[in-house]
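*Asks:* Quick one: structure below, then a few questions.
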Amino acid sequence: MKYADIDRIYQTIPLDNLPWNNEIPPDALVDLVQSGKVRPCRTLDLGCGAGNYAIYLAGLGFEVTGVDNSPTAIKIAEEHAEKRGAGCRFIVADLLGDLHAITGTFDFAYDWEFLHHIFPEDRETYIRNVHRFLNSGALYFSTCFSEDDPQFGGTGKYRSTRIGTMLYFSSESELRKLISPYFRIRELTTINVEGKFGSHRAVSLLAERM
C-alpha cells in the first residue's frame, strides 16, 4: 500500500487506532520550538493528517498551512481547528503531484513520520516540491523510521504494518544523499521516538534551504 491509499484508511479506521495520530506533539518538534531554532513564522505541515501538530504550532503564533492528500483527514483537521479556535489553513493536495492550491512561500516546513510512506522512486520529486515552497534560508525538519527500527519485524527496507500499510525504512546515508543537493544539513541523527503502540528508532533531519 502506497501513500495514495491513505484516504481509505481515514475513512475506515477510527483515529484512536491510527498509529500516527497523536494529539500530543512529539518531543523532537517541541524541542525545536522551545530551543528557539524555529520561531513563529509561515509554516508548512506536510502530510498533516488530522492537524494535531499544526494546531499546536498555531497556538504558539505560527501561521500554519497543513497539507494532506486525504480529503477525509483534511475535513477532520478543519473540524479540530475550529473547535480549538486555531487559525490554521488546511489544503487537500497530492505532495507528489498537483500543488497549485499551495500559494506563497514559507520559512519552515516539516513532515513527522511521513517520509516513510513515500518510496525511494518518488522521494526526489517530493523533496524538490518541499524545496520549491521554501524561502532561501528556511528550515526543513523531517523524521522517518530508521532501518534500525525493531518494529514490524525489524528487518528489511520495506515492512508491512498492522493496519496494512507498507513503509520504507531509511538510513542516515540515504537521507543525506537525497537532501544534500537541495538543502544544507544542520543535523542528521537517529533518535528514539515514542509511538502510540511502541517506541521506534527514527532518522531525524534538520536542514536549511539553499
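The values are calculated or read from the model by the stated rules, or taken from the named source; none is laboratory data. All of these numbers come straight from a predicted model, not from anything done at the bench. Here Cβ is always computed from backbone atoms with ideal geometry, including for glycine, and neighbour counts include all displayed protein chains. In case anyone asks, the SASA skips ligands and DNA or RNA and just uses the protein heavy atoms, side chains included. Shrake-Rupley method; radii C 1.70, N 1.55, O 1.52, S 1.80 Å.
*Asks:* Mind telling me which of the residues Asp122, Asp98, Asp107 ends up being free of Cβ contacts under 8 Å to residues at least 24 places away in the same chain and open to solvent by 30 Å² or more (accessible area, probe 1.4 Å)? Spell out the reasoning first.
*Replies:* Values: Asp122 fails: free of Cβ contacts under 8 Å to residues at least 24 places away in the same chain; Asp107 fails: free of Cβ contacts under 8 Å to residues at least 24 places away in the same chain.
From the options Asp122, Asp98, Asp107, the qualifying one is Asp98.
*Asks:* Still on this structure, please answer the following. Any residue at all in segment 72-89 that's in a loop (DSSP other than H, G, I, E, B) and not hydrophobic (A, V, I, L, M, F, W, C)? It would help to see each step written out before you state the result.
*Replies:* Here is the first cut: in segment 72-89, the residues in a loop (DSSP other than H, G, I, E, B) are 85-88.
Applying the additional criterion that residues be not hydrophobic (A, V, I, L, M, F, W, C) yields 85, 87.
Yes: one or more hits.
*Asks:* Of the numbered conditions (1) buried (at least 21 other Cβ atoms within 10 Å of the Cβ); (2) touching a residue at least 60 places away in the same chain (Cβ under 8 Å); (3) in contact with a strand residue (DSSP E or B) (Cβ under 6 Å, 6 or more places away or on another chain), Asn135 fails exactly one; give the number of that condition.
*Replies:* Against the list (1) buried (at least 21 other Cβ atoms within 10 Å of the Cβ); (2) touching a residue at least 60 places away in the same chain (Cβ under 8 Å); (3) in contact with a strand residue (DSSP E or B) (Cβ under 6 Å, 6 or more places away or on another chain), Asn135 comes up short only on (1).
*Asks:* How many residues are out of contact with any His (no Cβ under 7 Å at 6 or more places or on another chain), buried (at least 16 other Cβ atoms within 10 Å of the Cβ) and in a loop (DSSP other than H, G, I, E, B) when one looks only at segment 166-195?
*Replies:* Selection size over segment 166-195: 0.
*Asks:* Of the conditions (1) buried (at least 23 other Cβ atoms within 10 Å of the Cβ); (2) farther than 28 Å from Pro14 by Cα, Phe145 fails just one. Which one is it?
*Replies:* (2)
*Asks:* Please go through segment 196-210 and pick out each residue that is open to solvent by 50 Å² or more (accessible area, probe 1.4 Å) and either more than 14 Å from Ser142 (Cα to Cα) or assigned to a loop (DSSP other than H, G, I, E, B) (or both).
*Replies:* Lys196, Phe197, Ser199, Met210, listed by residue number.
*Asks:* Here is a further query. Looking at the structure I just gave you, is Arg8 at pLDDT below 95 and not acidic (Asp, Glu)?
*Replies:* Working: at pLDDT below 95: yes; not acidic (Asp, Glu): yes.
Yes, satisfied.
*Asks:* While we're here: I'd like the residue in segment 110-119 that is of a type outside the set (A, V, I, L, M) and assigned to a helix (DSSP H, G or I) and, out of all such residues, is most open to solvent (accessible area, probe 1.4 Å). Show your work before the answer.
*Replies:* If we filter segment 110-119 for residues that are of a type outside the set (A, V, I, L, M), which is where we start, we get 110-114, 116-117, 119.
Adding the requirement that they be assigned to a helix (DSSP H, G or I) leaves 116-117.
On the way: His116: 5, His117: 21 Å².
Per the stated criteria, the residue is His117.
*Asks:* Can you tell me which residue is most open to solvent (accessible area, probe 1.4 Å) among those in segment 8-62 that are aromatic (Phe, Trp, Tyr) and part of a helix (DSSP H, G or I)?
*Replies:* Filtering segment 8-62 for residues aromatic (Phe, Trp, Tyr) gives 10, 20, 53, 56, 62.
Next cut, part of a helix (DSSP H, G or I) only: 10, 53, 56.
Working: Tyr10: 19, Tyr53: 28, Tyr56: 55 Å².
The selected residue is Tyr56.
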